Amino acid sequence: MNIEIFKKRTPLEYVIYTSIIVVGVLLDQLTKLLSVKFLMPLHTVPIIKDVLHLTYVENTGAAFGMLKDHRWIFIVTSTVTIVAILLYLYLGHAESMLYGISLSMICSGGIGNMIDRLALGYVVDFIDFRLINFAVFNGADSFVTVGAGILILALILDMKKEIAKSRGADK
(Lines give C-alpha, C1' and ligand atoms only; values in the text may rest on other atoms or scores of the structure.)
Protein backbone atom coordinates (compact mmCIF):
# COMPACT_ATOMS: atom_id res chain seq x y z
CA MET A 1 0.00 0.00 0.00
CA ASN A 2 1.50 3.30 -1.12
CA ILE A 3 0.21 6.30 0.84
CA GLU A 4 1.26 9.60 -0.64
CA ILE A 5 1.63 12.25 2.07
CA PHE A 6 2.42 15.18 -0.21
CA LYS A 7 0.50 15.71 -3.44
CA LYS A 8 1.92 18.48 -5.57
CA ARG A 9 -0.44 21.24 -6.66
CA THR A 10 0.29 24.20 -8.89
CA PRO A 11 2.01 27.20 -7.30
CA LEU A 12 -1.04 29.28 -8.24
CA GLU A 13 -3.25 27.13 -6.02
CA TYR A 14 -0.99 27.72 -3.03
CA VAL A 15 -0.90 31.46 -3.77
CA ILE A 16 -4.71 31.56 -3.95
CA TYR A 17 -5.16 29.63 -0.69
CA THR A 18 -2.59 31.75 1.13
CA SER A 19 -4.09 34.99 -0.23
CA ILE A 20 -7.59 34.02 0.88
CA ILE A 21 -6.35 33.21 4.38
CA VAL A 22 -4.21 36.33 4.77
CA VAL A 23 -6.73 38.77 3.25
CA GLY A 24 -9.58 37.21 5.22
CA VAL A 25 -7.71 37.53 8.54
CA LEU A 26 -6.65 41.12 7.74
CA LEU A 27 -10.20 42.16 6.77
CA ASP A 28 -11.63 40.51 9.86
CA GLN A 29 -9.13 42.14 12.22
CA LEU A 30 -9.49 45.55 10.54
CA THR A 31 -13.29 45.51 10.83
CA LYS A 32 -13.05 44.42 14.46
CA LEU A 33 -10.54 47.18 15.20
CA LEU A 34 -12.86 49.75 13.60
CA SER A 35 -15.75 48.29 15.59
CA VAL A 36 -13.87 48.68 18.87
CA LYS A 37 -12.73 52.21 18.04
CA PHE A 38 -15.93 53.68 16.62
CA LEU A 39 -18.80 51.36 17.54
CA MET A 40 -18.04 50.40 21.15
CA PRO A 41 -18.75 53.92 22.48
CA LEU A 42 -22.08 54.06 20.59
CA HIS A 43 -23.03 50.41 21.18
CA THR A 44 -25.37 50.24 18.16
CA VAL A 45 -25.86 52.15 14.92
CA PRO A 46 -28.79 51.39 12.60
CA ILE A 47 -27.84 51.01 8.94
CA ILE A 48 -31.40 50.04 7.95
CA LYS A 49 -33.64 50.46 10.99
CA ASP A 50 -34.89 47.12 12.39
CA VAL A 51 -33.16 45.26 9.54
CA LEU A 52 -29.40 45.76 9.79
CA HIS A 53 -27.55 47.44 12.63
CA LEU A 54 -23.93 47.57 13.66
CA THR A 55 -23.91 46.53 17.32
CA TYR A 56 -20.80 46.07 19.44
CA VAL A 57 -20.82 42.72 21.31
CA GLU A 58 -18.09 40.92 23.24
CA ASN A 59 -18.85 37.24 22.63
CA THR A 60 -17.26 34.84 25.14
CA GLY A 61 -18.98 31.85 23.54
CA ALA A 62 -18.86 30.06 20.22
CA ALA A 63 -20.74 31.00 17.09
CA PHE A 64 -23.91 32.89 17.88
CA GLY A 65 -23.00 33.09 21.57
CA MET A 66 -23.34 29.38 22.32
CA LEU A 67 -21.37 27.84 25.23
CA LYS A 68 -20.39 31.11 26.87
CA ASP A 69 -17.20 31.22 28.94
CA HIS A 70 -15.61 28.03 27.58
CA ARG A 71 -12.69 29.90 26.00
CA TRP A 72 -10.05 27.15 26.31
CA ILE A 73 -12.29 24.53 24.70
CA PHE A 74 -12.66 26.83 21.68
CA ILE A 75 -8.95 27.63 21.58
CA VAL A 76 -7.94 23.95 21.62
CA THR A 77 -10.64 22.85 19.17
CA SER A 78 -9.96 25.76 16.82
CA THR A 79 -6.20 25.18 16.92
CA VAL A 80 -6.55 21.49 16.06
CA THR A 81 -9.01 22.28 13.25
CA ILE A 82 -6.91 25.12 11.80
CA VAL A 83 -3.74 22.98 11.83
CA ALA A 84 -5.60 20.06 10.21
CA ILE A 85 -6.99 22.30 7.46
CA LEU A 86 -3.60 23.90 6.82
CA LEU A 87 -1.91 20.49 6.58
CA TYR A 88 -4.63 19.22 4.25
CA LEU A 89 -4.31 22.31 2.02
CA TYR A 90 -0.54 22.66 1.94
CA LEU A 91 0.16 18.94 1.59
CA GLY A 92 -1.92 19.22 -1.57
CA HIS A 93 -4.89 17.05 -0.64
CA ALA A 94 -7.66 19.47 -1.67
CA GLU A 95 -8.91 17.62 -4.73
CA SER A 96 -10.29 20.69 -6.47
CA MET A 97 -9.89 24.45 -6.37
CA LEU A 98 -13.41 24.69 -4.91
CA TYR A 99 -12.39 22.50 -1.94
CA GLY A 100 -9.23 24.55 -1.45
CA ILE A 101 -11.06 27.87 -1.56
CA SER A 102 -13.72 26.70 0.89
CA LEU A 103 -11.16 25.33 3.35
CA SER A 104 -9.08 28.52 3.04
CA MET A 105 -12.13 30.59 3.94
CA ILE A 106 -12.96 28.37 6.92
CA CYS A 107 -9.34 28.53 8.09
CA SER A 108 -9.27 32.32 7.67
CA GLY A 109 -12.35 32.76 9.84
CA GLY A 110 -11.00 30.37 12.44
CA ILE A 111 -7.73 32.27 12.66
CA GLY A 112 -9.53 35.63 12.86
CA ASN A 113 -11.65 34.55 15.82
CA MET A 114 -8.70 32.73 17.41
CA ILE A 115 -6.71 35.97 17.45
CA ASP A 116 -9.54 37.64 19.40
CA ARG A 117 -9.88 34.77 21.88
CA LEU A 118 -6.15 34.72 22.60
CA ALA A 119 -5.64 38.50 22.72
CA LEU A 120 -8.90 39.63 24.31
CA GLY A 121 -10.54 36.58 25.90
CA TYR A 122 -13.63 37.13 23.74
CA VAL A 123 -14.57 37.62 20.09
CA VAL A 124 -15.71 41.03 18.84
CA ASP A 125 -19.03 40.74 16.98
CA PHE A 126 -20.77 43.67 15.31
CA ILE A 127 -23.02 42.66 12.38
CA ASP A 128 -26.56 42.67 13.75
CA PHE A 129 -29.08 41.33 11.22
CA ARG A 130 -32.35 42.03 13.02
CA LEU A 131 -34.85 41.25 10.26
CA ILE A 132 -34.96 37.59 11.32
CA ASN A 133 -33.70 38.08 14.89
CA PHE A 134 -30.31 36.62 14.02
CA ALA A 135 -27.34 36.53 16.44
CA VAL A 136 -24.73 39.28 16.16
CA PHE A 137 -21.70 38.03 14.18
CA ASN A 138 -18.48 39.23 12.51
CA GLY A 139 -16.44 38.88 9.32
CA ALA A 140 -14.68 35.73 10.52
CA ASP A 141 -18.03 34.05 11.18
CA SER A 142 -19.08 35.02 7.66
CA PHE A 143 -15.93 33.49 6.19
CA VAL A 144 -16.52 30.22 8.06
CA THR A 145 -20.20 30.11 7.04
CA VAL A 146 -19.62 30.95 3.37
CA GLY A 147 -16.64 28.56 3.27
CA ALA A 148 -18.81 25.77 4.71
CA GLY A 149 -21.50 26.54 2.12
CA ILE A 150 -18.94 26.32 -0.70
CA LEU A 151 -17.63 23.05 0.75
CA ILE A 152 -21.15 21.60 0.77
CA LEU A 153 -21.60 22.75 -2.84
CA ALA A 154 -18.29 21.11 -3.83
CA LEU A 155 -19.34 17.86 -2.15
CA ILE A 156 -22.72 17.89 -3.92
CA LEU A 157 -21.05 18.56 -7.29
CA ASP A 158 -18.62 15.67 -6.69
CA MET A 159 -21.46 13.34 -5.70
CA LYS A 160 -23.35 14.35 -8.83
CA LYS A 161 -20.27 13.55 -10.98
CA GLU A 162 -19.83 10.17 -9.27
CA ILE A 163 -23.48 9.28 -9.82
CA ALA A 164 -23.27 10.27 -13.49
CA LYS A 165 -20.03 8.28 -13.88
CA SER A 166 -21.52 5.17 -12.25
CA ARG A 167 -24.64 5.41 -14.43
CA GLY A 168 -22.41 5.65 -17.50
CA ALA A 169 -20.43 2.58 -16.39
CA ASP A 170 -23.66 0.59 -15.90
CA LYS A 171 -24.69 0.98 -19.54
Next on the checklist: If I ask for residues that are closer than 24 Å to Val144 by Cα and of a type in the set (Asp, Glu), which ones from segment 1-47 would you list?
Outcome noted: Glu13, Asp28
Item to check | Candidates Ser102, Ser78, Ser142, Ser96 - the one that is crowded, with 16+ Cβ neighbours inside 10 Å, small (Gly, Ala, Ser), under 24 Å from Thr18 (Cα atoms) and modelled with pLDDT under 95 | outcome: Ser78
Checklist entry - Limited to segment 128-162, what total is found for residues that are in contact with a Leu (Cβ under 7 Å, 6 or more places away or on another chain) and within 18 Å of Leu30 (Cβ to Cβ)? => result 1
Item to check | Residue that is modelled with the highest pLDDT, among those in segment 66-75 that are in a helix (DSSP H, G or I) and more than 16 Å from the chain's Cα centre (by Cα) | outcome: Ile73
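Would it be correct to say that Phe6 is without any contact (Cβ under 8 Å) to a residue 24 or more places away in the chain and over 16 Å from Phe137 (Cβ atoms)? Reasoning before the result, please.
Values: without any contact (Cβ under 8 Å) to a residue 24 or more places away in the chain: no; over 16 Å from Phe137 (Cβ atoms): yes.
It is false that Phe6 is without any contact (Cβ under 8 Å) to a residue 24 or more places away in the chain and over 16 Å from Phe137 (Cβ atoms).
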Checklist entry - Of (1) in a helix (DSSP H, G or I); (2) surrounded by fewer than 18 Cβ atoms within 10 Å (Cβ to Cβ); (3) in contact with a helix residue (DSSP H, G or I) (Cβ under 6 Å, 6 or more places away or on another chain), Lys161 satisfies all except one. Which? => result (3)
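Of all residues in segment 86-113, how many are more than 11 Å from the chain's Cα centre (by Cα) and part of a helix (DSSP H, G or I)? Break it down stepwise before answering.
Looking only at segment 86-113, we keep the residues that are more than 11 Å from the chain's Cα centre (by Cα), and these are 86-100.
Applying the additional criterion that residues be part of a helix (DSSP H, G or I) yields 86-90, 97-100.
Number of matching residues: 9.
The values are calculated or read from the model by the stated rules, or taken from the named source; none is laboratory data. As the structure is a prediction and not an experimental result, all values here were calculated from the model. Note that we place each Cβ from the backbone using ideal geometry, even for glycine, and neighbour counts take in every protein chain shown.
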